[in-house]
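Q: Pasting in a structure now, in structure tokens, and then I'll have a few things to ask.
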Amino acid sequence: MTDEPYRTIIEPFRIHSVEPMRMTTRAERVAALAAAGYNLFELHSQDVLIDLLTDSGTGAMSAEQWAGIQRGNEAYAGAPSFYRFLDAVTTLFPFRHVLPTHQGRAAEKILFTAIGRPGLVVPNNTHFDTTRANIEFSGAQAVDLPVPEGLVPSVRHPFKGNLDVAALDRLLAGRADTVPLVMVTVTNNSGGGQPVSMANLRAVREVCDRYGKPLFLDACRFAENAWFIREREPGYADVAVADIVREMAGLADGMTMSAKKDPLANMGGWLALNDDDLAEQCRSLEILTEGFPTYGGLAGRDLEAIAQGLTECVSEDYLRYRIRSVAYLGEALEAAGVPVVVPFGGHAVFIDARAMLGHINPLRYPGQSLACALYEEGGVRSCEIGTVMFGLNPDGTETPAAMDLVRLAIPRRTYTQSHMDYLIEVVARVAKRADSLPGMRIVSQPRQLRHFTARFEPVG
Ligand code: F0G
């Protein structure tokens, strides 16, 4: 940044290659939506104008990352690309063992295959859907312990992603022998992309130590979390982001990771840990499904892209722009009277669909209805994070999720401010006719992870 006090925080990059977008008419979008069974995952992305389904793997890579792609070495074992990856990972996360995986959920699958079984309980501030599904698939139970502020979209709190330490203590006091490890997700994606404070991580660590439990981070958005610590937590204003990340890692015994988020890669992930015995077990499992432990489901070129991305995502200019551009969107929606989760998270703005569409019962999926309306109105693809995603219990019954949110996830370094201005107009227009949006009914659904493939129809 320059030292001058300009108000406009600019994108700290120039555009180097472009990907044209296809404009569609409202009639085309209405037809596409019906053909997709009102499930936005079923749309062809060519029919989407602004794609905010996810910030995962959808970012733009830098010139240096593309150069790394060329440098990729594809040796089956011991490729230099692996050692560059290992170096970049352990510079920020100095764990003894690092197992590359093709994405975050593969790391979760390996970890919970090794340590999960019926009768066990895994607490987390809030499990992401794949983490929950992998734990439940092992027969164990996934328990969310967010702080109470984290469940009220309109409450302002600097660290709404925090884990409820007293609740964790109570859980461990009652049944410590059934808890194989404690997880903390940074930032708390399902809870609104909200950060976790260093003080909270320290307090969780202290409880884990008292009961002899390992602490694992689900660290997908570690750099955004570290930026919030720097901005909001006393004592960190002058600490380098990379040092904050190392301090977070130093409080944990291991991590699962999706390199498709903060590391700015289109694919990849890893499992890292200190425990030698568990690492050996995990390596054997990795070979079964991912590949030899020096490539683990990735091409050498992917490992290079991740290694370079890890150096770029802790840059202060990048993070200042990243967090500011998400807040720009959030502030404009708030000013337009749209109920949004505040303060704004790191990777997304979350609309409180339950508040905006108060006339729709949560079991008629207000979030799904809103997401469909945003697509129909302006070709914007968002993602329901609510009762469709979390409402189906393992026994087949259904209960409303804690919140019904619609996430506008912002791909990294991909959209410009004028894209955001267009998006703001689209959301504001839908907000004006929110009262007239219909509820939705599920026509067909699978037993697990239903949000990806369920089919819906509007009710009334
Ligand atoms: N943990 C968190 C907190 C996540 O947000 C994700 C993915 C994963 C784990 C799994 O990683 O996709 O590489 O297998 N979140 C994406 C999203 C899909 O849209 O939020 P993955």
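Q: Quick one: 3J(HN,Hα) in Hz for region 24-30, Karplus 6.51/-1.76/1.60 with θ = phi - 60°, rounded, Gly and Pro as x.
A: After applying 6.51 cos²θ - 1.76 cosθ + 1.60, I find 10, 8, 4, 4, 5, 6, 4 Hz.
Q: Quick one: length gained pulling THR416 to THR8 fully straight, 0.36 nm per residue minus the C-alpha distance?
A: On the way: separation 408, 0.36 × 408 = 146.88 nm, distance 1.32 nm.
Extra length available between THR416 and THR8 comes to 145.6 nm.
Q: Against the 2.2 N^0.38 Å scaling, with N counting residues, where does the chain land? I'd like the Cα-based Rg ratio to two decimal places. Please report the intermediate quantities before stating the final value.
A: Details: Rg = 21.3 Å, N = 460, 2.2 N^0.38 = 22.6 Å.
For the chain, the normalised Cα radius of gyration is 0.94.
Q: Separation between the LEU363 and ALA176 pseudo-spin-labels, each 7 Å from Cα along Cα→Cβ, expressed in nm?
A: 4.1 nm
Q: Name the residue farthest towards the positive end of the dipole of the chain from the options VAL341, MET356, THR54, assuming +1 on Cβ of Lys and Arg, -1 on Cβ of Asp and Glu, about the Cα centre.
A: MET356
Q: By how many nm would the segment from ALA34 to ASP275 lengthen if fully extended, with 0.36 nm per residue of separation less the alpha-carbon distance?
A: On the way: separation 241, 0.36 × 241 = 86.76 nm, distance 5.02 nm.
Taking ALA34 through ASP275 to full extension adds about 81.7 nm, to one decimal.
Q: Between HIS16 and LEU288, what is the label-to-label distance in nm when each label sits 7 Å out along the Cα-to-Cβ direction?
A: 4.0 nm
Q: For region 244-401, list log₁₀ I(q)/I(0) at each q in 0.17 Å⁻¹, using the Debye formula over Cα point scatterers of equal strength and ignoring solvent, two decimals each.
A: Log-scaled intensity ratios, in q order: -1.14.
Q: In the chain, what % of DSSP beta bridges are antiparallel (nearest 5)?
A: Details: 27 of 40 bridges.
Bridges in the chain that DSSP calls antiparallel: roughly 70 percent.
Q: ³J(HN,Hα) across region 60-76 via Karplus (A = 6.51, B = -1.76, C = 1.60, θ = phi - 60°), whole Hz, x for Gly/Pro?
A: 8, 7, 8, 4, 5, 5, 5, 5, x, 4, 5, 6, x, 10, 9, 4, 5
Q: Got the relative contact order for region 63-313 handy, in percent, Cα pairs under 8 Å and 6 or more residues apart? Walk me through the intermediate numbers first.
A: Working: 522 pairs, mean separation 80.8, N = 251.
Across region 63-313, relative contact order equals 32 percent.
Q: Once amide H atoms are placed 1.01 Å from N in the peptide plane, what residues at a sequence separation of 5 or more from PHE456, or on another chain, have their amide H within under 5 Å of its amide H?
A: TYR38, ASN39, VAL443
Q: With an 8 Å cut-off on Cα pairs and a minimum separation of 6 or more residues, tell me the relative contact order of the chain in percent.
A: Details: 955 pairs, mean separation 105.1, N = 460.
Rounded, it is 23 percent for the chain.
Q: How large is the helix-only mean residue ellipticity at 222 nm for the chain, computed as the sum of -39500 (n - 2.57) over DSSP H runs with n ≥ 4, divided by its residue count, in deg cm²/dmol to the nearest 500?
A: Rounded to the nearest 500, it is -12000 deg cm²/dmol.
Q: What FRET efficiency, computed as 1/(1 + (r/R0)^6) with R0 = 35 Å and r the Cβ-Cβ distance, is obtained for GLU64 and VAL443, rounded to the nearest 0.05? Could the numbers behind the result be given before it?
A: Working: r = 47 Å, r/R0 = 1.35.
Step by step, r from the Cβ atoms, then E = 0.15.
Q: For region 296-386, compute the orientation-averaged projected area of the C-alpha convex hull (one quarter of its surface), in nm².
A: Computed as one quarter of the Cα hull surface, the answer is 8.8 nm².
Q: Something else now. Work out the charge dipole of region 209-268 with +1 on the Cβ of Lys and Arg and -1 on the Cβ of Asp and Glu about the Cα centre, then indicate which of ALA249, LEU215, ASN266 is farthest towards its positive end.
A: Among ALA249, LEU215, ASN266, the one farthest towards the positive end of the dipole of region 209-268 is ASN266.
Q: Of all the stretches in the chain, which is the longest one without any exposed loop site, taking trypsin sites (Lys or Arg not before Pro) in a DSSP loop (any state but H, G, I, E, B) with at most 15 other Cβ atoms within 10 Å? Walk me through the intermediate numbers first.
A: On the way: sites that count: ARG7, ARG14, ARG22, ARG96, ARG156, ARG433, ARG447.
Between the exposed loop sites, the longest stretch runs 157-432.
Q: Now, a different point. Could you tell me the largest-minus-smallest coordinate of the C-alpha atoms of region 98-245 on each of the three principal axes, in descending order and whole angstroms?
A: Result for region 98-245: principal-axis Cα extents of 44, 36, 30 Å.
Q: Additional query: Cross-link partners among lysines for LYS213, C-alpha distance below 30 Å, same-chain residues fewer than 8 apart left out?
A: Partners found: LYS109, LYS160, LYS260, LYS261.
Q: OK, next. Just to confirm a number: summing +1 for Lys and Arg and -1 for Asp and Glu over residues other than ASP169 whose beta-carbon lies under 15 angstrom from that of ASP169, what do you get? The partial results should precede the final answer.
A: Working: positive: ARG170, ARG175, ARG202, ARG205, ARG210, LYS213; negative: ASP164, GLU206, ASP209.
So the surrounding residues net to +3.
Q: Amide H of MET440 versus every other amide H placed in the peptide plane: which residues, excluding those fewer than 5 positions away on the same chain, fall under 5 Å?
A: TYR365, VAL459
Q: Taking only protein heavy atoms and a 1.4 Å probe, what accessible area per residue, in Å², does region 63-313 have with all protein chains in place?
A: Values: 8940 Å² over 251 residues.
With all protein chains present, region 63-313 gives 36 Å² per residue.
Q: Right, another one. Along the Cα-to-C-beta direction of ARG26, a point sits 7 Å from the Cα; which residues of region 402-427 have their amide N less than 19 Å from that point?
A: Answer for region 402-427: 422-427.
Q: List the longest stretch of the chain that has no exposed loop site; here a site is one of the chymotrypsin sites (Phe, Trp or Tyr not before Pro) assigned by DSSP to anything other than H, G, I, E or B, with at most 14 other Cβ within 10 Å. All intermediate terms of the calculation are to be shown ahead of the outcome.
A: Details: sites that count: TYR6, PHE13, TYR76.
That gives 77-460 as the longest site-free run.
Q: How large is ³J(HN,Hα) for each residue in region 172-182, as worked out from phi by the Karplus curve 6.51 cos²θ - 1.76 cosθ + 1.60 (θ = phi - 60°), to whole Hz, x for Gly and Pro?
A: Each residue's phi maps through the Karplus curve to give 6, 4, x, 8, 4, 5, 9, 9, x, 6, 10 Hz.
Q: Apply the Kirkwood formula to region 63-313: the hydrodynamic radius equals the inverse of the mean of 1/r over all pairs of different alpha-carbon atoms; give it in Å with one decimal. Write down the numbers at each step before the final one.
A: Working: mean 1/r = 0.0552 Å⁻¹.
Every distinct Cα pair counted, the radius reaches 18.1 Å.
Q: What residues qualify as long-range amide H neighbours of ALA348, i.e. H under 5 Å apart, gap of 5 or more or another chain, H built at 1.01 Å from N?
A: The list, which skips near neighbours in sequence, is ILE410.
Q: If I model a spin label as a point 7 Å beyond the Cα along the Cα-Cβ vector, how far apart are those points for THR90 and SER154 in nm?
A: Between THR90 and SER154, the simple spin-label model gives 5.1 nm.
The values are calculated or read from the model by the stated rules, or taken from the named source; none is laboratory data. Small disclaimer: the values here were computed from a predicted structure and weren't measured. Every residue, glycine as well, gets a Cβ built from its backbone with ideal geometry; the counts of neighbours run over all protein chains shown. Areas reflect the complete protein model, heavy atoms only, side chains present, ligands, DNA and RNA absent. Shrake-Rupley method; radii C 1.70, N 1.55, O 1.52, S 1.80 Å.
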